[in-house]
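Taking it in order: structure first as C-alpha cells, then the write-up.
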Amino acid sequence: MAIVNDEVDAVVVGLGWSGSIMAMELARAGLKVRALERGEDQSSEDFAYPKPADQYGYDKQYKIFAKPKSAAVTVRHTTDDNALPTRQWGSFCPGNGVGGAGLHWTAVMLRPTPTDLKLKTYADETYAPGQLQEDMQVQDFPVTWDEMEKHFDFFEKVCGQSGTTGNLNGEIQPGGDPFEGPRSNPYPLPALEDTLNCSMFREQATKMGYHPFSNPSANVSQAWTNPYGQNIAPCNYCGFCSKYPCLNYSKASPQTTILDALKLHKNFDYKTNAEVVRVDLHDDKKTAKGVTYVNENGEEVFQPAKMVFLCSFQFQNVRLMLLSGIGQPYNPMTGEGVVGRNYAFLSNGGVTMFFKDKEFNPFATAGATGVMFNDVSPRPGFEDGVKYGFLGGAKIHSSQSNGNPIGTALPKDVPGWGMGWKQGMRDWYGHSMKISITTTCMSYRGNYMDLDPTYTDHLGNPMARITFDWKENELKLQQYLKELCNNIAREMGPDISHDSFLKPDSHYDMRPYVSTHNVGGAVMGDDPKTSALNKYLQSWDVHNVFVPGGNAFPQNFQANPTDMIGALTYHAAETIVKDYIKNPGPLVQA
C-alpha cells in the first residue's frame, strides 16, 4: 500500500523556473504548497567559488544534468523508423535537481515579438495560399502582447535583466532592437560590457544596414535587488556560465532569485528525490486528486492535492500527461488528439573566423556576452521570407559564452590530437570568433511526441518518444542564413574561416549539442481540438491540472524561451489566484 502524505492545496512537480515561480505566487496567496523534485537539492552554497570552475566535470561529465539512465527519451525521424534511446545527451541537455535547466542556462533572456505570438495570423496574411508546406501546422498563442507585457516586465525584474531598450512605449530607442514589441519600462539594468568580438560584429553589422544590439542578459551587469528582496551580485565575467551553476551569485536562476525567499513561507515545503510517476484522477476523469511519486527508498507515495502543477522539463510534462490519461494522445495519421502535438526544436549554425592579430580573451566573459540583430524575423516589412519561400527567421549574433579549452574552435587543418593539436592550440587559442544563428522552428503534422512502445525507464514506465526531422522550410531558411552570415564574415576579413550549416538534404542529428530549447507537445490554444491547454495553461480536460513550460509553445520562435516561460507562468498564476481558487472550474469555456 502506498504511503499517503497530508493533503496540500497545490502540489508542484519540478522545481525549476516555472515550478519556483508558481510555488512562490501560490504561497504568497496563502495556499499550502508542496513541491516534488526528482533530483537532489542544490543550493548556491553548493556552487561557491571555485567549485564550478571545472570544465571536465560540468561541461563533459554533466554534473548538474539529468542522467540518461533515469530521464532518457527515444528519438526517430519518422513513423517508419525505430526510435532508439538516448544513451548520452547530445543536441539538448535537460537539467536535474532543484533549479533544473534554470541553473545551467546561458542566461540570454529575450522576449518574443508580437508577431511571434500571432504567427498563424501573420502567415495567413503574408503568404499566398499553398506557398508554405502543406503539413505545417503553426498556431497563434492564445494571448496578446498587451496581456503578456506586464508579466515580461515583472519576470525581467525578478531576474535583473540587463540590456539596451529598443522600443519604449512605442518610441524606438537608439542602440536597442527596433523590432521588439513596445516595453512599458526600460531594461532593469544596462547591457553587459562588449568584448572584442562584440564590437567588431556590431561595427560590421551596422555598416551593412542591420540593427545590432547587446544580447539581453540575465547575467546581471550591476548589483540588483529583485521584487522578492533577493540580492544578485554583478557578473565578474569569469567564463564559466553556460552548462555551469554560477559561482558568483550573478546569473539569474531559481536559486539566486526566488527560492531563498520562497523558503521563508511556512506554508511551503519541498521534497527531493521524489519522482512523480502519474497524476491520479478521480473516477470522472475530470479532476485530479493528487500525484503518486517514488521516494528515495523506492516506495510509492500518494500526495493528495486540490491542484496539480506539472512544472518539469518540456518532454517530462508531456510524458506525465500521457502516462496519466490527461487529454487525448495525438495521432499524426488522423491529426486528431492533442497531447504530443506540435513538438518543435530549433537549429543553429554559423561561421567561425580566425584572426592572427586579434586577441579575443575568451576566458573573460559572461555567458550571455554578445551582440545580435533580429532583422531576419517574421514581421511586417520582412520580405525575404516570401521571396525565398520560408516562414521564420533567426537571431544572428556573435556571442562569446566561454573560453573553455576543451573543444575550443581550431582551423580545420589542425589535427584533433597529439603534437599537431597542441601546436594548433598554441597558435590559435583566443584568436577566433563566431557569427552564429539561432533559428525558428515551425510545427508539422509528423513532428510529435508519444509513449515509446518498446523502451521503459528504470521504474518500468514507457519512455517519451520524439519523432522529429528537419523540414524543407527550415532547410531553406538555413541556406538563406548561410549566405547572409558568410557575406558578413567576408567583409570582416579573417585569415581563415569555415562555416557549419545544415545542407538541403540534412536530417536531424541527435549527437552534437544545439540547444535545450525543446518546445511543444502540450500546447496552449483557443481550440481544445488543436491544443491541450487553454490560455491559462490549464488542461482542457482536467481543470485542476496546469502545465507551465516550453511544452505550451505551438512552435518555436527565434528568441530564447525562458522569458516567455516565466511570463506565461506569471500570467497563469495571476488568474489562478484571482479567480480559480474562489471558483474552481474551467477558466475558459470550450
Gap in Å between the Cα centre of segment 320-386 and the Cα centre of segment 113-173? 15 Å
Can you give the accessible area of Lys285, probe radius 1.4 Å, in Å² rounded to 10? 130 Å²
Under a plain spin-label model, where a point goes 7 Å from the Cα along Cα-to-Cβ, how far apart in nm are Gln423 and Leu196? 2.3 nm
Mean separation of Cα contacts under 8 Å (at least 6 apart) over the residue count of the chain, i.e. the relative contact order in percent, is 22 percent
Helix 562-575 against the longest principal axis of the chain: what's the angle in degrees, Cα atoms only, rounded to the nearest 10? 30 degrees
Give me the percent relative contact order of segment 57-148, please, defined on Cα pairs under 8 angstrom at least 6 residues apart. 21 percent
One finds, for Val414 and Ile3 with R0 = 41 angstrom and r their Cβ-Cβ distance, a FRET efficiency to the nearest 0.05 of 0.10
Note to self: C-alpha centroids of segment 533-590 and segment 1-20 sit apart, in Å, by 18 Å
Helix 472-492 axis, angle to the chain major axis (alpha carbon atoms, nearest 10°): 40 degrees
Alpha-carbon centroid distance for the pair segment 64-99 / segment 243-302, whole angstrom: 21 Å
Please report, for the Cα atoms of segment 70-141, the Rg to one decimal and the Dmax as a whole number; what are they, in angstrom? 18.0, 47
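Label segment 25-147 by shape, choosing from rounded, prolate and oblate, from the square roots a ≥ b ≥ c of the eigenvalues of the Cα gyration tensor; if a/c is under 1.5 it is rounded, and otherwise prolate applies when a/b is larger than b/c, oblate when it is not. Walk me through the numbers on the way to the answer.
Numbers: a/c = 2.17, a/b = 1.43, b/c = 1.52.
It is oblate, given that a/c is not under 1.5 and a/b is not larger than b/c.
Which FRET efficiency, nearest 0.05, do Glu203 and Ser500 yield, Cβ-Cβ r, R0 22 Å? Mind showing how you got there, number by number?
Numbers: r = 24 Å, r/R0 = 1.08.
According to the calculation, E is roughly 0.40.
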Volume per residue, Å³, of the convex hull around the alpha-carbon atoms of segment 383-484? 193 Å³
For the chain, what does the helix formula give at 222 nm: sum of -39500 (n - 2.57) over DSSP H segments with n ≥ 4, over the residue count, nearest 500 deg cm²/dmol? -6000 deg cm²/dmol
Is segment 345-430 rounded, prolate or oblate when judged by the Cα gyration tensor, a ≥ b ≥ c being the square roots of its eigenvalues, rounded requiring a/c under 1.5 and prolate requiring a/b larger than b/c? prolate
With the radius of gyration and the Kirkwood radius both derived from the Cα set of segment 202-319, what is their ratio Rg to Rh? 1.14
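In segment 130-165, which GluC sites (Glu not before Pro) are in a loop and have at most 15 other Cβ atoms within 10 Å, using DSSP for the loop call? Don't skip to the answer; put the middle values down first.
Details: sites: Glu134, Glu147, Glu149, Glu156; in loops: Glu134.
In loop regions of segment 130-165 (DSSP not H, G, I, E or B), the sparsely surrounded GluC sites (Glu not before Pro) are Glu134.
Are there any GluC sites (Glu not before Pro) in segment 1-103 that are in a DSSP loop and have at most 12 other Cβ atoms within 10 Å? List them by number. Each step should come with its number before you reach the end.
On the way: sites: Glu7, Glu25, Glu37, Glu40, Glu45; in loops: Glu7, Glu37, Glu40.
Filter output for segment 1-103: empty list.
Going through the cross-link list Lys120/Lys387; Lys434/Lys476; Lys150/Lys395; Lys157/Lys358, which pairs have a Cα-Cα distance over 28 Å in this structure? Walk me through the numbers before you get to the answer.
Working: Lys120/Lys387 18 Å; Lys434/Lys476 22 Å; Lys150/Lys395 24 Å; Lys157/Lys358 37 Å.
Beyond 28 Å: Lys157/Lys358.
DSSP loop GluC sites (Glu not before Pro) in segment 262-336 with at most 16 other Cβ atoms within 10 Å of their Cβ, which ones?
Working: sites: Glu275, Glu296, Glu299, Glu300, Glu336; in loops: Glu296, Glu299, Glu336.
Sites meeting the loop and neighbour criteria: Glu296, Glu299, Glu336.
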Starting from the 7 Å offset along Cα-to-Cβ, what nm value, one decimal, do you get for the label separation of Asp135 and Ala48? 5.5 nm
Accessible area (Å², 1.4 Å probe, nearest 10) - Leu587: 40 Å²
Give the dimensionless ratio obtained when the Cα radius of gyration of the chain is divided by 2.2 N^0.38 Å. 0.92
The lysines whose Cα lies under 20 Å from the Cα of Lys285, excluding any fewer than 8 residues away in the same chain, are Lys306, Lys529
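The values are calculated or read from the model by the stated rules, or taken from the named source; none is laboratory data. Keep in mind the model is a prediction, meaning the values are calculated, not measured. All Cβ positions, glycine included, derive from the backbone under ideal geometry; neighbour counts span all protein chains shown. To get the accessible areas, we keep the full protein, side chains included, count just its heavy atoms, and leave off ligands, DNA and RNA. Shrake-Rupley method; radii C 1.70, N 1.55, O 1.52, S 1.80 Å.
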